[in-house]
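One structure below.
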Amino acid sequence: MKSYRSILIILLVLLSFDITKGQTTGLKAISRADENGVSIKWAADNYGLWRDIIDNGVIIERISQSTKEKKTFRINTADGKEFLKEGSDYTLVAAEMIFGEGEVDLGGQFGPFEYYKAAKDQEYRFGISQLVNDYSFKTAQLSGFAFRDSPVKKDTYIYRVALQNQPENFLAATVANFNGQSPEKVFFPRIFYQLNDDNSVALRWKDNSYDFVGYNIYKSIGENGFEKINEAPYINVDQAVFLDYYDSLSTTDGKVKYKVAGLTPYGDSIVSDPVVMNANVKVSGKTEINQLVDHQIDDQGRLTFYTANQLGKNTVLMHSKSESGTYAPINNSAKDQNSIWTDDPVSGYYILENNGKKSFPYLVQLLDSIAPAVPRIDFIELRDTINNVVAISFNRPSDSDFKGYRLFRRGVKGHEPIYLSATESDIYYDTLSTQAAYDYKYSVAAYDNRYNLSERSEEVVYSNKKNLWDYLSVDYDEEKPELTAFSPFEVEFTLIYGGKQVESKVFNKDFKFIVPEKYRSNFEVKLEQGDELVFQKAFIASESDREAIFDLNPRLEENKLTFEVTYPSKVRICNIYVKDGEQYRSFKRNYKVDILNEIRIGDEIKSALIEIITTDNQKINKEVSR
């Protein structure tokens, strides 16, 4: 009974491994465009789906992003059967996995041990087939797991993958942008070495598993050509940051060269620069010093090195024209934890030195170290007044390897130019500040395909302040009455009445302000940017409005005084005086006027005087008698 229980447990475990056809999940697709077309690969993550693809084939649907046009391609594994069995080692392995004897028939009745054997066979076939497809794009094509789309027009394409027997059920998708140019090169493996006392050599390079699925190592002795020395692709099983490969040397080998080739999922082989050593020279004690493992020229034209470990405090970058020459320290270098760079990239050998210990020489061969001619700025002009965007036009140098521009700008007198942007276009659009009216000074440098950088051009001045005068406007509509203003910059608006500031606001672009009624007879507007006055104007009410204040039309009838004020808001003070003898005496102080005013007064009052002081400090006296 105990043995049957064990068999049942094994059976349940094995049944958890999917040995059933028809699994339609777990498909992954990738694509890459190059100068001639697009390569697409796909892979299943379970046996059932892998078997479905082999038996039924797939449909690739290509959709153009610009035209929405669709095109369908049918991929069948059986189409490559003949070529798989007559191909390379990879294709022979794939053919055995797909078409070889021993394919499991899932029909009929099976006992626990048959299920176990079937599951192991499926696992073996599925895993090995996927592995060889990874290392050979040609094998993946013949196996029905890759497709080459060429020729194609410049566009962005979406590729969707479905089984032919389920054409509406797309299992995976990938996007490729085809522009007719080679993609940026993947990270090259850069190797350094150590010769040991036992005549062995240790090669080390930094892994780039994003681009490479494995590596091949090549060796050349003397003047002989390179030969591959690893039997199977070297795979980073442990996901280490740096990979090591060890090889034995003979003291009679003389000059020995090594290269490492990274294998990409698309069938490319990216080969490193060779490292050269003399096998009969003992080198020891070099394991304590950091090593240079890679370099690049960045978009600022700097030669940047990457190191195996973090850089020590006293580490210095040194350069020599020859491997065994004199190494001189590079003064204009800088560093962070894992990289060190110089603004003066030249070919030659580089090492790290720290307290007398030196790294292995690292060779840099720049194909071109000559910078392009100095470009110039043709013109700068305003293109968008609302957002204050200017266009800077460049005069392209005639160098055949010219690639782009680096633009510099400074906006404050005395400040150093700052790096603004890199562009490959002959026109660059810059959005200037709406808060400061600087005179901006632009200069430009050119760089080529190797990122050699030219000197900067002469500065061209663009006056941001000029825009303020050209586009600033202030208008006053007395009928509303509304004050409108426009400025592409941020300015401070101040309303002044009677010599005093009564309103203040900050605005840019469009501005609207309803002038309060009490200020409309005579007000002043000032616009300032920082400490600079950029606009000032007085707005005086029309003559007819002013006369309306003087023409009070006063009347003294029976026991009341009557008068009219057209604009009560323009009256600051109103005093009423009456005469019941030879002199006037105060009757009402600070009387609050309205448009029609009626004040009860005695019959004995023969004369009255109305005194008004306007909001603009003008004095008006009107006398009325019976």
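The values are calculated or read from the model by the stated rules, or taken from the named source; none is laboratory data. For clarity, every value in this text was computed on a predicted model and none was experimentally measured. Virtual Cβ from ideal backbone geometry, glycine too; neighbours counted across all protein chains shown. Keep in mind that these areas ignore ligands, DNA and RNA; they rest on the heavy atoms of the full protein, side chains included. Shrake-Rupley method; radii C 1.70, N 1.55, O 1.52, S 1.80 Å.
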Complete set of residues in segment 558-593 that are over 22 Å from TYR519 (Cα atoms), assigned to a strand (DSSP E or B) and in contact (Cβ under 8 Å) with a residue 24 or more places away in the chain: LYS560, LEU561, THR562, PHE563, ILE576, TYR577, VAL578, LYS579, TYR584
Members of segment 594-605 found to be without any contact (Cβ under 8 Å) to a residue 40 or more places away in the chain and over 14 Å from PHE563 (Cβ atoms), listed by number: GLU604
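Conditions (1) open to solvent by 50 Å² or more (accessible area, probe 1.4 Å); (2) modelled with pLDDT of 85 or more; (3) at negative phi, marked per residue:
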{"site": "LYS466", "(1), (2), (3)": "yes, no, yes"}
{"site": "ASP477", "(1), (2), (3)": "yes, no, yes"}
{"site": "PRO481", "(1), (2), (3)": "no, no, yes"}
{"site": "ALA485", "(1), (2), (3)": "no, no, yes"}
{"site": "PHE489", "(1), (2), (3)": "no, no, yes"}
{"site": "LEU495", "(1), (2), (3)": "no, yes, yes"}
{"site": "PHE511", "(1), (2), (3)": "no, no, yes"}
{"site": "LYS518", "(1), (2), (3)": "yes, no, yes"}
{"site": "PHE523", "(1), (2), (3)": "no, no, yes"}
Number of the exception - LEU552 against (1) within 26 Å of GLU479 (Cβ to Cβ); (2) part of a loop (DSSP other than H, G, I, E, B); (3) out of contact with any Lys or Arg (no Cβ under 6 Å at 6 or more places or on another chain): (3)
PHE305 being closer than 25 Å to VAL201 by Cα, part of a loop (DSSP other than H, G, I, E, B), of a type outside the set (Gly, Ala, Ser) and open to solvent by less than 60 Å² (accessible area, probe 1.4 Å): no
Some residue of segment 323-345 being farther than 23 Å from ILE217 by Cα, modelled with pLDDT of 80 or more and touching an Asp or Glu at 6+ places or on another chain (Cβ under 6 Å): no
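Does at least one position in segment 326-335 carry a residue that is among the aromatic types (Phe, Trp, Tyr), buried (at least 16 other Cβ atoms within 10 Å of the Cβ), touching a strand residue (DSSP E or B) at 6+ places or on another chain (Cβ under 7 Å) and over 28 Å from ALA445 (Cα atoms)? So that I can check it myself, show each step before the final result.
Of the residues in segment 326-335, the ones among the aromatic types (Phe, Trp, Tyr) are 327.
Still in the running and buried (at least 16 other Cβ atoms within 10 Å of the Cβ): 327.
The next check asks that each one be touching a strand residue (DSSP E or B) at 6+ places or on another chain (Cβ under 7 Å); those that pass are 327.
Those left that are additionally over 28 Å from ALA445 (Cα atoms): 327.
Yes, segment 326-335 contains at least one residue that is among the aromatic types (Phe, Trp, Tyr), buried (at least 16 other Cβ atoms within 10 Å of the Cβ), touching a strand residue (DSSP E or B) at 6+ places or on another chain (Cβ under 7 Å) and over 28 Å from ALA445 (Cα atoms).
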Whichever residue in segment 106-159 is modelled with pLDDT of 60 or more, surrounded by fewer than 18 Cβ atoms within 10 Å (Cβ to Cβ) and of a type in the set (S, T, N, Q) and, among such residues, is nearest to ARG62 (Cα to Cα): THR156
Residue, most open to solvent (accessible area, probe 1.4 Å), within segment 235-283, restricted to residues that are modelled with pLDDT under 70, of a type outside the set (A, V, I, L, M) and farther than 23 Å from ASN224 by Cβ: GLN239
Positions within segment 611-626 being assigned to a strand (DSSP E or B) and open to solvent by less than 90 Å² (accessible area, probe 1.4 Å), in sequence order: GLU611, ILE612, ILE613, THR614, ILE620, ASN621, LYS622, VAL624, SER625
Residue within segment 321-329 that is closer than 21 Å to SER272 by Cβ and touching a Lys or Arg at 6+ places or on another chain (Cβ under 7 Å) present: no
Hits in segment 340-369 - residues which are part of a loop (DSSP other than H, G, I, E, B), surrounded by fewer than 19 Cβ atoms within 10 Å (Cβ to Cβ) and among the hydrophobic types (A, V, I, L, M, F, W, C): VAL346, LEU366, LEU367
So GLY48, is it more than 24 Å from PRO151 (Cα to Cα), open to solvent by less than 90 Å² (accessible area, probe 1.4 Å) and at pLDDT below 70: no
